[in-house]
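Okay, so here's the structure we're looking at.
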Amino acid sequence: MRLVLLGAPGAGKGTQGVVLADHFGVPHISSGDLLRSHVVLQSDLGRRLGAYLARGELVPDDLVLAVIGDAIIAAMKTGGYILDGFPRTLSQAEQAYALAEPAGVAADAVVYLAVPDDEARQRLAGRDANRTDDADPAVIERRLRLFHAETKPLLDFYGERGILVTIDAVQSAHAVSAAIFAALSAR
Ligand code: ADP
């Protein structure tokens with residue numbers, strides 16, 4: 001199974017990513033987790049990445065690919081993946097598609113976890129993880145703005161390809177998982 005998860009910050013991509021990867025026996029590749037794992041290393045690259053994450057800005061494509069490129073290529077070779085947080089811009093989606101499509105490993109489906117902004121704000125404010133980008137309301141607002149401006153256009157991109165599945169993510173995590181499984185098996 002090859003899936004891409006889309007959703008605003010706080011929509012539940014990470015939670016569902018773990019469930020889906022476990023269910024389908026494929027790797028869960030979270031761009032945010034991979035980027036944060038470099039930040040804690042305090043390397044030069046980690047410090048550069050950390051500055052973008054702390055401000056809630058998108059990390060430039062070349063840096064994102066430097067960090068997650070190998071994991072994605074390895075997953076594409078094994079034939080299955082749950083991508084969480086990548087692609088996040090139209091240019092990332094186009095690049096990923098250009099690589100994956102000829103190799104026959106483009107996504108089978110793209111799952112959009114839909115939540116209103118106010119729900120996302122509440123969840124991020126209540127998230128107890130020690131993520132500094134969840135602690136500052138101005139950073140949260142920037143991430144939401146970037147989601148609308150940069151990531152939402154991907155809904156049309158994947159919709160036109162007939163692989164978009166939209167899930168109401170304002171439900172318990174368990175109910176959201178059940179809705180995803182039902183939608184995928186109905187396809
Ligand atoms: P959330 O979806 O809650 O914002 P993530 O862990 O997916 O959390 O992302 C955290 C941060 O990592 C983003 O705000 C951004 O700075 C960076 N990031 C993650 N994935 C990408 C990506 N594909 N392109 C650019 N920046 C990214």
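The values are calculated or read from the model by the stated rules, or taken from the named source; none is laboratory data. Bear in mind that the values here come from a model prediction, so they are computed numbers and not experimental data. Glycine also receives a Cβ, built like all others from the backbone with ideal geometry; neighbour counts cover every protein chain displayed. SASA here: full protein model, heavy atoms, side chains in, ligands and nucleic acids out. Shrake-Rupley method; radii C 1.70, N 1.55, O 1.52, S 1.80 Å.
Using a probe of 1.4 angstrom, how much of the accessible area of the chain is carbon and sulfur, in percent? Carbon with sulfur: 55 percent of the solvent-accessible area.
Among 88-95, 25-32, sorting by the average number of other beta carbon atoms lying within 10 angstrom of each residue, highest first, gives 25-32, 88-95. Karplus-derived 3J(HN,Hα) values for region 135-141, using 6.51 cos²θ - 1.76 cosθ + 1.60 with θ = phi - 60°, are 8, 10, x, 5, 6, 4, 4 Hz; glycine and proline are entered as x. Counting charges near A149 (Lys, Arg +1; Asp, Glu -1) among other residues having Cβ under 15 Å from its Cβ returns a value of 0. Backbone phi angles across region 79-93, fed through the Karplus curve with coefficients 6.51, -1.76 and 1.60 (θ = phi - 60°), yield HN-Hα couplings of x, x, 6, 10, 8, 10, x, 9, x, 10, 9, 4, 5, 5, 5 Hz in residue order; Gly and Pro are listed as x.
Here the spin labels are modelled as points 7 Å beyond Cα on the Cα-Cβ line, and at R131 and A182 they lie 2.7 nm apart. Would you work out if region 1-105 is rounded, prolate or oblate? Take a ≥ b ≥ c from the square roots of the eigenvalues of the alpha-carbon gyration tensor; rounded if a/c is under 1.5, else prolate when a/b is larger than b/c, oblate otherwise. Judged from the Cα gyration tensor, region 1-105 comes out prolate (a/c at least 1.5, a/b above b/c). Each residue of region 35-49 was assigned a 3J(HN,Hα) from its phi angle through the Karplus expression (A = 6.51, B = -1.76, C = 1.60, θ = phi - 60°), giving 5, 5, 5, 6, 4, 5, 6, 6, 6, 4, 4, x, 5, 5, 4 Hz with x at Gly and Pro. Rolling a 1.4 angstrom probe over the protein heavy atoms with all chains in place gives the chain an accessible area of 49 Å² per residue. Summarising the amide proton neighbourhood of A109: residues at separation of 5 or more, or on other chains, whose placed amide H is nearer than 5 Å comprise R2, V4.
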